Amino acid sequence: MLRVVSGLVFAFLMLPLLVLFPISFSSGTYLRFPPPGFSLKWYVRYFGDTAWIDATYRSLQIGAATTVLALLLGILLAFGLVRGRFRGRSLIENGISAPIIVPHIVLSIAIYGLFSRLGLIGEWYGVAIAHTVLALPFVVIVLLAGLRDFDVNLELAARGLGAGRLAAVRTVTLPILAPSVYSAAFLAFITSFDELVVAMFIAGANMTLPKKMFDNILSEIEPTVAAVSAIQIVLVSALLVLGTRLRRPATPTNALTR
Amino acid sequence: MTLSSAASAPPLRAAEARRSSAFPLGALALTWPALLLLLLLFVLPLARLFALSFEGGNLEWYEKALTGGLYTTILLRTFEIAAIVTLCCLLIGYPVAFLLATTTPAWRALGFAFVMLPLWTSVLVRTYAWMVLLGRNGIINRLLIDSGLLEQPLPMLNSKMAVILGMVHVMLPFMILPIYSALTRIDPDLPKAARGLGASTPRIVMTIYLPLTLRGIVAGVTLVFVVSLGFYITPALLGGGKVLMFAMVIEQQVREFLAWNFAGALSVILLAVTLLAFTVLNQGVARHLGD
């Protein structure tokens, strides 16, 4: 009974992803199932269209910048929270998940209002900075969990053996924390790469990949989006397989529900 | 700054190092860059939106939002959809979490892959997949017609049901994972002992599993409900403009009408409702559990 229910739920979760593959290889010009024949033309169209490739490149660039920025700020903040003894520490720790709880549409129009005054609409780094706000909570929560598990005596031993504080952190603490850092980086990148609502407002005419997909879904009924989606699913699967080799699985909910 | 100046410090004895590792002010400084970002791009923009909604010194925008029925109806519908989605996720998520927690490691790994892969696939891709499945000429209609079960395609897309299906698909992993993690913390000897003492399966579920996983259930319910309240992409695409949720109204006011004051008031209302739901679900129940 339990297996039947679970099996149905697994099918419900996986089937929508799987049906995109046959559609993406369809030779029809329309979303038809079963596809009338096999063809790679939607992949050819994606890779041959500069609008699609530009949007992909822009999203990769914004995602990379978001990852670096969120890791930089997040690592400092997590260290400060775990090692420091100052008032307001628990306030910061609880408040850090606020950007997850605040509806994205509300945050989006708030940042849109600010950016349009500053003339930042359409700038890729503007989107990256806004995405950093969304990614930061995930990064901090994952790193806090990692830092709490870390035995601080290892770092103290390194210092006792003559390493400076920065050297001890760099050669002992960060390598041990590496799985948490990888998880945090993955979360930050995906948060930015998949983000649509904020980008819809502040990316202007310079579309990100999700914005390009959204517009395409609304305006045309053809399977290019299926091809793009299939590529994304394959890449995410590859990253997940890679991730299981790095021990600590990246789960936002584990992080959220301490 | 604090770190680099300390980098050339002479070796310290452990006790000294321990004391200085609690560097109170230095640690505070480490939090500044992130807090500055949050202040400039989170607190201030939201405060400005808040201020805009009260511009003119009166409550006219709130009056417009809360009287006349249109926006309160949409708010209620948003609540209703979020509640249905949360309930569906709980009902189908709990058995899956239970299976994952009790099966063999190999099956668990496979099951986790089925939960994590959709979780990491973008919401947009998954919503598009549901459009492909549910559309007039979509896969489900095609299969039903080709097999002779249907004459005319069923209008499944652009309906509340489609929105709920899509949202459950997006939110389900967020229900399964916290419940799974609560289930794994249960001492496996407890249900065994109950079974040995003659308890039936329903009794074991009611007296052991449900109470001991309540925290995980609350965490999942809170997350799914609160995030569902602010959904935009899935209802916009699967509802086809027929199923309006609150986030869509806010987007419309800003993009189509540039009605910043009114959008500000609607945002404050959505935010207040979200925070209220979060506080009630999370804090209220946590206190009840003696947390």
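Can you spot a residue in region B:194-212 that is touching a residue at least 24 places away in the same chain (Cβ under 8 Å) and among the β-branched types (Val, Ile, Thr)? No, that holds for no residue. Filter region B:26-80 for residues that are exposed (fewer than 13 other Cβ atoms within 10 Å of the Cβ) and not in a helix (DSSP H, G or I); which is nearest to the other protein chains (Cβ to nearest Cβ)? Taking the candidates together, the pick is B:Gly56.
Considering (1) more than 7 Å from chain B (Cβ to nearest Cβ); (2) of a type in the set (A, V, I, L, M, F, W, C); (3) more than 17 Å from the chain's Cα centre (by Cα); (4) in a helix (DSSP H, G or I), the lone condition that A:Leu114 does not fulfil carries the number (1). Candidates B:Gly196, B:Gly111, B:Gly148, B:Gly166: the one that is small (Gly, Ala, Ser) and modelled with pLDDT under 90 is B:Gly148. Selection of region A:159-168 for residues being surrounded by fewer than 21 Cβ atoms within 10 Å (Cβ to Cβ) and part of a helix (DSSP H, G or I) yields A:Gly160, A:Leu166, A:Ala167. In region A:149-173, the residues that are closer than 15 Å to A:Gly80 by Cβ reach residues that are of a type in the set (Asp, Glu) with C-beta atoms within less than 8 angstrom, at least six apart or across chains, in these pairs: A:Val169/A:Glu155; A:Thr173/A:Glu155.
Is it fair to say B:Thr86 is buried (at least 21 other Cβ atoms within 10 Å of the Cβ), of a type in the set (Val, Ile, Thr) and more than 9 Å from every other protein chain (Cβ to nearest Cβ)? So B:Thr86 fits the description; yes. In the condition set (1) facing another protein chain (nearest Cβ under 9 Å); (2) surrounded by fewer than 18 Cβ atoms within 10 Å (Cβ to Cβ); (3) in contact (Cβ under 8 Å) with a residue 60 or more places away in the chain, B:Val96 is compliant with all but (2). Condition check for A:Tyr57 on (1) touching a Lys or Arg at 6+ places or on another chain (Cβ under 7 Å); (2) closer than 30 Å to A:Leu136 by Cβ: one failure, at (1).
Applying the set (1) within 29 Å of A:Lys211 (Cα to Cα); (2) in contact (Cβ under 8 Å) with a residue 12 or more places away in the chain; (3) assigned to a helix (DSSP H, G or I) to B:Val254 leaves exactly one unmet item: (2).
The set of residues in region A:77-106 being touching a residue at least 60 places away in the same chain (Cβ under 8 Å), at the interface with chain B (Cβ under 7 Å from one of its Cβ atoms) and within 22 Å of A:Phe193 (Cα to Cα) consists of A:His104, A:Ile105.
Here B:Leu229 meets each of (1) closer than 16 Å to B:Leu91 by Cα; (2) within 11 Å of chain A (Cβ to nearest Cβ) with one exception, condition (1).
The values are calculated or read from the model by the stated rules, or taken from the named source; none is laboratory data. Here the structure is a predicted model, which is why all the values come from computation and not from measurement. When we count neighbours, we look across all protein chains shown, and the Cβ atoms used for this are built from the backbone with ideal geometry, even at glycine.
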